[in-house]
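First comes the structure, then the notes that go with it.
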Amino acid sequence: MILTSELIKNINSEKIIPIVRCNKSEAIPAFLITKYYVDFCADFESAYLELISGIHDETTKARPTVKKNPFEASESPIAICNAISSSQYSNPNSTGTVEFDYENNNGCFVVGSGSMQFDLQFSSASDASIHMYNDPENIEGIALADGVRSFSDITNASNAFDYTSRARTPNSDEFVIVVNKNGFFLAIKLGVIKMKGRNGAKRSSVSFEYKITQNKKGDFE
């Protein structure tokens, strides 16, 4: 670094801003040790920003994340109504009877809670059968329980049924077995299935009885 006599004479002024470039030791003259300097060895853009900020005595800081205004409405009226309505599409109990319109809530109904929660998804097939899927995130598999006539007939559900298909289409009075990602089993007995416009039905709906077993073998005895 070459310094003129004028710069040395006015060493206490704010004119001198050393710039370190291609200097492995990053050493600067001893008389500049307490002065501000900028390292241009790597990131030119950020170093230049640092230099300009230093000249104008402005510290550069990342802008804080803008949070939601607590005085503004957090939800639209429709979103609030949807949140309230969605509560009717769930039953946290381990056993129960359900009847709902599968054309609403994207055909979804939630039973159980916690590690024994099952997000069920249905879609229209006919007025005597209905499609069920293993698409929900917490569902591992779904199977038809052929030959089952009551919940007590279901034993060792982990090995007794085939869970290899994405979709199943049970008929009324048939049983379906669902296993979730936590390894718990749900047994469903389909009840009345209605399709809007068929046989005088004014809306589509499905009813079913269900039980969740607390053992991971899938015994419902």
* Note down the nm distance, to one decimal, between modelled labels 7 Å out along Cα→Cβ at GLU103 and at LYS202. => 1.3
* To do: Pairs of lysines 8 or more apart, or on different chains, with alpha carbons under 25 Å: count those in region 87-213, would you?
  => 6
* Asked: What is the spin-label model distance, in nm, from SER113 to ASP173 if the labels are put 7 Å beyond Cα along the C-beta direction?
  -> 3.5
* Structure fact -> If R0 = 45 Å, then ASN156 and ILE78, at their Cβ-Cβ distance, give a FRET efficiency to the nearest 0.05 of 0.45
* **Difference of contour (0.36 nm per residue) and Cα-Cα distance, GLU221 to GLU209** => 2.7 nm
* Using only Cα positions of region 87-213, each an equal point scatterer, no hydration layer, compute I(q)/I(0) via Debye at q = 0.19 Å⁻¹ and quote the log10 values to two decimals. => -1.02
* Two-site label geometry, THR95 and ASN182: point separation in nm, points 7 Å out along Cα→Cβ -> 2.0
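None of the figures in this text is laboratory data; all of them are computed from the coordinates on show. What you see is a predicted model; the values in this text were computed from it and never measured. Positions of Cβ are generated from backbone atoms using ideal geometry, with glycine treated the same way; all protein chains shown enter the neighbour counts.
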